[in-house]
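Below is one structure, written out as structure tokens, with a few remarks after it.
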There are 2 protein chains.
Amino acid sequence: MNSRLEKYAQLVISTGANVQPGQTLLVEADVEHTALVRAISDEAYRVGAGYVDVLYRDPFLRRSLIERGPHDALEFSPAWMTDRVARAAADGAALIGISSGSNQEVYAGLDLGRVGRARHAAVEREWLKAVTNREISWALIACPTERWAQEVFGEPDVDRLWEAVAHALRLDEDDPSAAWEQRLNELDQRTKILDDRAFTGLRYRGPGTDFSVALIPQARWMAGRDRTRHGQAHVANLPTEEVFTSPHKDSAEGTIRSSLPLSLRGGVVEGLELTFAGGVCTDIRADKGADLVRADMDIDEGGRRLGEVALVDRSSRIGETGVVFKNTLFDENAAAHIAWGDGISWTLDDLSVEDAHAAGMNESDTHTDFMVGSPELEVDGVGADGTAVPILREGRWVLETL
Amino acid sequence: MNSRLEKYAQLVISTGANVQPGQTLLVEADVEHTALVRAISDEAYRVGAGYVDVLYRDPFLRRSLIERGPHDALEFSPAWMTDRVARAAADGAALIGISSGSNQEVYAGLDLGRVGRARHAAVEREWLKAVTNREISWALIACPTERWAQEVFGEPDVDRLWEAVAHALRLDEDDPSAAWEQRLNELDQRTKILDDRAFTGLRYRGPGTDFSVALIPQARWMAGRDRTRHGQAHVANLPTEEVFTSPHKDSAEGTIRSSLPLSLRGGVVEGLELTFAGGVCTDIRADKGADLVRADMDIDEGGRRLGEVALVDRSSRIGETGVVFKNTLFDENAAAHIAWGDGISWTLDDLSVEDAHAAGMNESDTHTDFMVGSPELEVDGVGADGTAVPILREGRWVLETL
């Protein structure tokens with residue numbers, strides 16, 4: 001177990017946040033993640049980090065706030081928490097964020113409106129700004145816990161969850177960093193194929209789904225490798241199995257059905273179906289959790305428009321595990337997905353942010369991925385002449401180089 | 001167990017920090033204190049707290065820093081951490097600080113110089129300022145953990161430790177707050193007797209101890225009840241069994257031997273003997289941990305002078321348990337104690353801070369209590385005419401009203 005923790009810490013410090021000598025590392029984790037956080041701290045100092053600044057969250061304190069706190073406190077951010085992020089951005093710090101399951105059982109029985117509203121709003125905006133402006137070298141990962149295992153398997157079998165997570169993270173390879181280099185190369189190759197094809201849009205067909213979206217001509221396809229504006233390479237999501245771009249904010253049309261549950265603000269959304277017209281989501285239906293989606297989309301004008309389309313095929317290790325993780329970081333990498341909310345500015349980094357918005361990139365204070373991929377989903381690329389070219393069929397990547 | 005946690009939370013929110021409607025409550029706790037912290041948050045919101053702002057510490061992250069971090073990082077405080085305290089002071093917030101054992105086993109094998117140096121120096125100064133200026137309504141308490149029980153009993157018998165802590169905190173009473181009201185009244189009565197006697201000094205005699213110190217004429221004797229400068233009552237230490245005042249910084253003479261181990265900056269000091277001349281500590285001897293004392297005293301010029309004398313007798317509930325808690329909050333309330341470092345400004349609150357220093361109150365960035373009381377220790381009050389009047393004999397309080 002120690003060896004697995006150390007391999008995980010090494011992977012996220014090197015391939016993930018790519019912590020540099022003298023750099024400050026911020027860690028955001030739950031109180032249940034202490035063992036992994038301590039291994040990360042050890043490894044960060046080993047490679048020369050200047051200071052490791054850990055903030056432990058406690059979901060049960062959030063429950064306490066939601067259940068008993070005053071209304072004004074629900075979206076309150078202490079000034080120090082916002083300042084911490086702003087300074088990290090100004091200093092070009094590294095960040096590792098650690099999540100687990102949805103925590104929905106923690107918030108069971110609470111008013112869903114209050115659950116959906118409770119968040120450090122100003123802090124989230126500051127993080128989004130730091131990420132959008134590519135100020136920090138960040139990596140999001142997940143850490144198995146008993147509660148997460150309970151949610152995934154119906155029993156607190158944390159060893160079984162570790163097995164699945166370790167496979168998805170390639171920690172079962174002798175050299176996980178080398179294995180990730182190879183996989184990131186494969187994903188980069190897919191982005192090159194897509195950029196060369198210069199599709200003007202994507203078309204999705206499947207059970208409950210008949211949907212199209214236009215792409216922004218200047219927007220590139222990207223994969224897991226990121227780079228801060230200071231030139232520091234990092235991999236923002238581990239695992240990552242997707243290629244993605246920013247779609248045009250005015251172009252989504254039709255209905256798209258989610259293929260996996262979505263953890264959102266302490267709840268779980270199931271059976272989600274969204275209908276779009278002229279780029280705007282005009283109808284939200286779900287078997288469960290539609291109110292959470294509504295609260296998230298209604299955050300601002302851009303909340304009901306799309307910010308990301310991402311393609312994942314079933315060669316993904318997450319798909320291989322057969323596990324529904326109920327954690328977006330994993331589940332979005334099991335299947336093709338789409339996000340409402342903010343566009344991804346670095347897919348348009350030849351343009352200023354203003355020009356990127358003028359070109360059709362969406363702008364919002366939220367960015368929420370939902371999974372649409374399945375063996376039944378067909379995704380085509382549509383060329384300037386209107387011809388459709390298969391990209392995903394039966395969950396497999398079928399697009400070849402021109 | 002839940003009922004005990006709730007009673008503890010109620011006691012510390014009411015009698016301790018005395019949290020007011022709309023007030024912000026800061027909590028500083030270890031990651032092992034989650035159950036108590038959650039109960040405190042629930043209770044704080046129940047009485048109308050505006051926001052509960054919890055910072056979880058992880059002693060193993062401090063170990064990671066001490067073992068592997070750069071030299072400069074040892075005393076570093078992130079700016080946000082200092083700002084958080086400064087704002088709490090400006091806003092008149094409440095604070096609950098939760099400790100456990102010494103953590104010495106966490107730091108085992110590390111360089112003691114680095115262990116002694118590692119602290120958030122600027123944050124500690126900011127807290128000391130907030131406390132000295134009486135800006136916040138604060139309460140320090142402790143929370144049983146397996147590691148603390150291991151340290152106290154040699155086995156992780158956390159139930160046994162809870163029994164002892166609950167007795168010391170009067171949680172075994174039907175109404176702990178009412179029981180504390182009664183005890184605080186008794187302690188206030190002792191301060192009144194001492195003030196009426198107007199002793200000019202104290203004299204300590206016992207095995208290894210022959211020591212005297214002068215009192216400051218303007219300094220009052222005080223007990224557990226505190227009041228912020230905004231007039232908010234609170235009890236800063238729970239448990240509290242002491243009466244205390246600030247001695248004259250130039251007056252300590254002779255040798256005094258510690259009667260209990262002292263937890264200090266992640267280590268434990270045992271068999272401490274200090275010799276003073278003209279108020280200054282001129283010799284530090286200890287069976288263990290003398291370097292920790294030296295590092296703490298050498299923080300500044302006032303570090304080697306005394307800031308507090310406190311009298312405790314064996315009617316103390318901590319004394320009754322017979323447990324050496326290896327936590328100063330408890331052990332200082334089992335036995336008479338003395339502190340080197342900063343004087344206690346509110347014992348001289350009729351004077352400005354400048355006038356208090358001119359009157360003989362010590363000034364330092366540290367304030368460290370060490371225990372000197374035992375059944376063998378005799379403490380006398382010395383009157384202006386040189387007559388000695390017994391205060392403590394065989395561990396009992398024997399001083400009557402004039």
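In the set A:Thr145, A:Thr132, only one residue is within 30 Å of A:Ala88 (Cα to Cα), modelled with pLDDT of 95 or more and in the same structural domain as A:Ala94 (by TED's automatic domain parsing); that residue is A:Thr145. Acidic (Asp, Glu), under 27 Å from A:Tyr51 (Cα atoms) and in contact (Cβ under 8 Å) with a residue 60 or more places away in the chain: is that true of B:Glu124 in this structure? Spelling it out, B:Glu124 is indeed acidic (Asp, Glu), under 27 Å from A:Tyr51 (Cα atoms) and in contact (Cβ under 8 Å) with a residue 60 or more places away in the chain. Is it true that A:Glu308 is outside the structural domain of A:Arg160 (by TED's automatic domain parsing), closer than 30 Å to A:Val19 by Cβ and in contact with a Phe, Trp or Tyr (Cβ under 6 Å, 6 or more places away or on another chain)? So A:Glu308 passes the test.
Of all the criteria given as (1) in contact (Cβ under 8 Å) with a residue 40 or more places away in the chain; (2) part of a helix (DSSP H, G or I); (3) open to solvent by 10 Å² or more (accessible area, probe 1.4 Å), the one not satisfied by A:Thr401 is (2). For A:Thr255, state whether it is in a strand (DSSP E or B) and among the hydroxyl-bearing types (Ser, Thr, Tyr). In short, yes.
A residue that is out of contact with any Phe, Trp or Tyr (no Cβ under 6 Å at 6 or more places or on another chain), part of a helix (DSSP H, G or I), within 11 Å of chain A (Cβ to nearest Cβ) and surrounded by fewer than 24 Cβ atoms within 10 Å (Cβ to Cβ) can be found somewhere in segment B:17-32. Considered as a group, the residues in segment A:105-129 that are touching a helix residue (DSSP H, G or I) at 6+ places or on another chain (Cβ under 8 Å), assigned to a loop (DSSP other than H, G, I, E, B) and aliphatic (A, V, I, L, M) include one that is modelled with the lowest pLDDT, and that residue is A:Ala118. Each residue in segment A:285-320 was checked for being within 23 Å of A:Pro375 (Cβ to Cβ) and buried (at least 18 other Cβ atoms within 10 Å of the Cβ), and 12 of them qualify. Note on segment B:258-270: residues that are touching a strand residue (DSSP E or B) at 6+ places or on another chain (Cβ under 8 Å), in a loop (DSSP other than H, G, I, E, B) and open to solvent by 40 Å² or more (accessible area, probe 1.4 Å) total 1. Quick check on segment A:151-166. Is at least one of its residues under 18 Å from the mean Cα position of the chain (by Cα) and open to solvent by less than 70 Å² (accessible area, probe 1.4 Å)? Looking for residues that are under 18 Å from the mean Cα position of the chain (by Cα) and open to solvent by less than 70 Å² (accessible area, probe 1.4 Å), one finds at least one in segment A:151-166, hence yes. The residues of segment B:38-51 that are more than 7 Å from chain A (Cβ to nearest Cβ) and touching a strand residue (DSSP E or B) at 6+ places or on another chain (Cβ under 9 Å), listed by number, are B:Ile40, B:Ala44, B:Ala49.
Sub-7 Å Cβ pairs linking a first residue in segment A:356-383 that is closer than 28 Å to A:Ala122 by Cβ to a second residue that is buried (at least 23 other Cβ atoms within 10 Å of the Cβ) and of a type in the set (Phe, Trp, Tyr), at least 6 apart or interchain, are A:Thr368/A:Trp340, ordered by first then second residue. Kindly evaluate A:Glu126 against the criterion of being within 28 Å of A:Lys288 (Cα to Cα) and assigned by TED's automatic domain parsing to the domain that holds A:Ser64. Spelling it out, it is not the case that A:Glu126 is within 28 Å of A:Lys288 (Cα to Cα) and assigned by TED's automatic domain parsing to the domain that holds A:Ser64. Could you tell me which residue of segment A:58-104 is farthest from the other protein chains (Cβ to nearest Cβ), considering only residues that are open to solvent by less than 30 Å² (accessible area, probe 1.4 Å) and assigned to a strand (DSSP E or B)? Checking each candidate, the answer is A:Gly97.
The values are calculated or read from the model by the stated rules, or taken from the named source; none is laboratory data. Just so we're clear, the structure is a prediction, and the values are computed from it rather than from any experiment. Every residue, glycine as well, gets a Cβ built from its backbone with ideal geometry; the counts of neighbours run over all protein chains shown. Accessible surface areas use protein heavy atoms only, side chains included; no ligands, DNA or RNA. Shrake-Rupley method; radii C 1.70, N 1.55, O 1.52, S 1.80 Å.
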